[in-house]
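As structure tokens, the structure follows; a few thoughts come after it.
The values are calculated or read from the model by the stated rules, or taken from the named source; none is laboratory data. What you see is a predicted model, and the numbers here were worked out from it, not measured in a lab. Using ideal geometry, Cβ is built from the backbone for each residue, glycine included, and neighbour counts are taken over all protein chains shown. For accessibility, only protein heavy atoms count, side chains too; no ligands or nucleic acids. Shrake-Rupley method; radii C 1.70, N 1.55, O 1.52, S 1.80 Å.
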Amino acid sequence: MATKILVVAEFRGGKFKKGALECVAEAARRKDELGGGDVVALVIGGDDAKAAAGSLGKHGADRVLTACASWLDYYNGDAYGKAAVAAAKAESAEIVLVAATLDGKDLAPRMAAALDAGYCPDATALSVEGGKLSLTRPLYAGKVYATVALRTPVQIVSLRPNSVPVAASEGADVAASEFDFGFGEGDLKSKVTGVAAKSGDKADLTEAERIVSGGRGLKGPENFVLLEAFADEIGATVGASRAVVDAGWRPHGDQVGQTGKTVSPNLYFAIGISGAIQHLAGMSTSKCIVAVNKDADAPIFKVADYGIVGDLFEVVPRMTEEAKKLKS
Amino acid sequence: MRVFVCVKPVPDTAARIKVGGDGKTIDPSGVKFILGPYDARTVAKALELKGEDGEVVVVSAGMGGKGESAANKRIKDALALGADRGIFIADEAPENRDPLAVAKALATAIQNEGGHDLVLCGRQAMDDQALAVGPMLATLLDLPCVTDAVSLEVSDGKAVVQRAAEGRVETIEVTLPALITGQRDLADERYPKLKDILKAKKKSVATFDFAWPAPAYEVVSLAPPPDPVAGKIVGEGPDAVPELLKLLQDEAKALTF
Ligand SMILES: Cc1cc2nc3c(=O)[nH]c(=O)nc-3n(C[C@H](O)[C@H](O)[C@H](O)COP(=O)(O)OP(=O)(O)OC[C@H]3O[C@@H](n4cnc5c(N)ncnc54)[C@H](O)[C@@H]3O)c2cc1C
Ligand SMILES: Nc1ncnc2c1ncn2[C@@H]1O[C@H](COP(=O)(O)O)[C@@H](O)[C@H]1O
């Protein structure tokens, strides 16, 4: 029997999230091991999402469903949850994949409860053994790694962004078909009434491929311009340690760590960050970690792939300068 | 207002976590359990909101043999902060239940109480960081749900919630009853005084018996994280920068221009 895989593909700010493309690609890669069958992508959103839906065919979707309406333009967990559950039921989905972004982690557990499905949150690896899913997931803030099996007929996984590759977009667009999710705006008990967006076009921290984070070593909020200048050169998003967030130097949303965001970029710079266990908890799955710290004994050097011992006020401007040279 | 607050005992964030002898659970020896930083904030928020003749009820599920005491103690922590009474859902399982089972237990216990205006959970528990129990519980109780709340105001049967979403802050209105999961900045942390701790000892904690379902989710094995490979100190000071960027491009293949 072919396993039915549904990917709920997140569309935000005019495009699909990278995590969504990763989930579609991973589903396409695994479908044969899981017994074959179609990879169905579900797109929930407004009119622009609907227009872009067919492009998921390029990344591995065999079919695309759209649950789109102008009032769904913006994420609302209650609405998106209901629509996704209706689609999973209509498709008799057995496996549901969602990117473990903030909204994905809001959506997936709602689906799990409604579908009585086992749910593995924030998996960093997925494999198939004997036709069954096997998931890897960090627990206790990365202090141990669990291998997880799900024991229910319907199984839901959220995949940590940057954990699996996106497929080269060599497939073709597919025709998207409209899915009638069967409720309207008036049926909801919640409504998004306002959104204050952060300015700029930087990738969100949890999805960014490159992150430059600063800590107390920066001495004050005004010095973060040094990090921003370097981040601009390499197309990175700026993050922070809790010490600087607590001091009010950076907004809460920038905090990386056990009580902040979990990130897994290809390249993570820890600048003037000591490497406390709670900070490491949020970034230790990064592919390549670079530390700049004046203290050669700072714990961050124990996890860093590359380090420079030195004064960040000298090192970072030089990094910006050299990056500029390499770019031109 | 009648507010239910769900709390979970979690290891102190600085705790050393070792894999236990069975290879599936952690070795609890030497691990200090605390009321998680998010749960402490939701308790504080509930107290702020409950009003004159309101009630704040703390609910905690399970945690197996060692857990009975851990969960009960965390309920007491919340009672010391000012909550009115507690409900403890007993669990014989020696390990953490999966979030769906926990959500089912909490839903059953809360429904058994006959009415709620607001249910609060932390955005995440510090041990499994599932961010799952809140939205699951809301779905089971058929409540509107907002996660990651940084502020919450209640009036006229409605809640106005600010949600810290990715790169933006949303304002969401929900009708009550509702379930909200809290970020750290939802409320200021409270610190109990000795007399509050003594008072908490006299508050009621009822035990609720729940027929736990078969697990939907199973930890097959636990392993320590991959050893960090000792990195390379490229050099000292700004003169090491060109070499660093070269390594990032050629060796790590983590940087292209
Ligand atoms: C419950 C709990 C949860 C927590 N959650 C988090 C979390 O989510 N995220 C998080 O980050 N922390 C968290 N923490 C805090 C954590 O324990 C550390 O206190 C924090 O990470 C330290 O931040 P820091 O590295 O910026 O500051 P510090 O530890 O003060 O380190 C500053 C570093 O900068 C270096 N430095 C100073 N000047 C220079 C210079 N001129 N050039 C180069 N280097 C310099 C110093 O050598 C030092 O290593 C948590 C703590 C607790 C108790
Ligand atoms: N065993 C439990 N008992 C009571 N509440 C829980 C339990 N597990 C999780 N919760 C609640 O759900 C929140 C999120 O937990 P989690 O989904 O495990 O990250 C916690 O902050 C608690 O409010």
Cross-chain or 6+ apart pairs with Cβ under 6 Å, the range A:122-133 first and assigned by TED's automatic domain parsing to the domain that holds A:D106, then outside any loop (DSSP other than H, G, I, E, B) and among the β-branched types (V, I, T)
A:A123/A:V157; A:T124/A:T136; A:A125/A:T136
Only unsatisfied item for B:R163, checking (1) modelled with pLDDT of 95 or more; (2) of a type in the set (D, E, K, R); (3) farther than 30 Å from A:D187 by Cβ, is (3)
Would you mind finding the one in A:P121, A:P161, A:P153 that is more than 16 Å from ligand 1 (Cβ to nearest atom), within 11 Å of another protein chain (Cβ to nearest Cβ), open to solvent by less than 20 Å² (accessible area, probe 1.4 Å) and assigned to a loop (DSSP other than H, G, I, E, B)?
A:P161
Here the residues within the range A:226-247 that are over 23 Å from the mean Cα position of the chain (by Cα), small (G, A, S) and more than 13 Å from A:T320 (Cβ to Cβ) are A:A243, A:A247
Hey, among A:R242, A:R250, which residue is near ligand 1 (Cβ under 6 Å from one of its atoms) and of a type in the set (K, R)?
A:R242
Suppose the filter is within 12 Å of ligand 1 (Cβ to nearest atom) and open to solvent by 10 Å² or more (accessible area, probe 1.4 Å); does A:E314 pass it?
yes
List every residue pair whose Cβ atoms sit under 7 Å apart, with the two residues 6 or more apart in sequence or on different chains, where the first one lies in the range B:31-44 and is at positive phi and the second, anywhere, is crowded, with 23+ Cβ neighbours inside 10 Å and modelled with pLDDT of 95 or more.
none
Which of the residues spanning the range B:1-38 are within 15 Å of ligand 1 (Cβ to nearest atom), open to solvent by less than 20 Å² (accessible area, probe 1.4 Å) and closer than 22 Å to B:L137 by Cα?
B:P9, B:V10, B:G36, B:Y38
Limited to the range A:208-229, what total is found for residues that are surrounded by 24 or more Cβ atoms within 10 Å (Cβ to Cβ), touching a residue at least 60 places away in the same chain (Cβ under 8 Å) and within 14 Å of chain B (Cβ to nearest Cβ)?
1
Checking the structure you have, find out if any residue of the range B:123-145 is within 11 Å of ligand 2 (Cβ to nearest atom) and in a strand (DSSP E or B).
no
Are there any strands (runs of 3 or more DSSP E) wholly within the range B:1-82 with 1 or more residues that are within 13 Å of chain A (Cβ to nearest Cβ), and if so which?
B:9-11, B:33-35
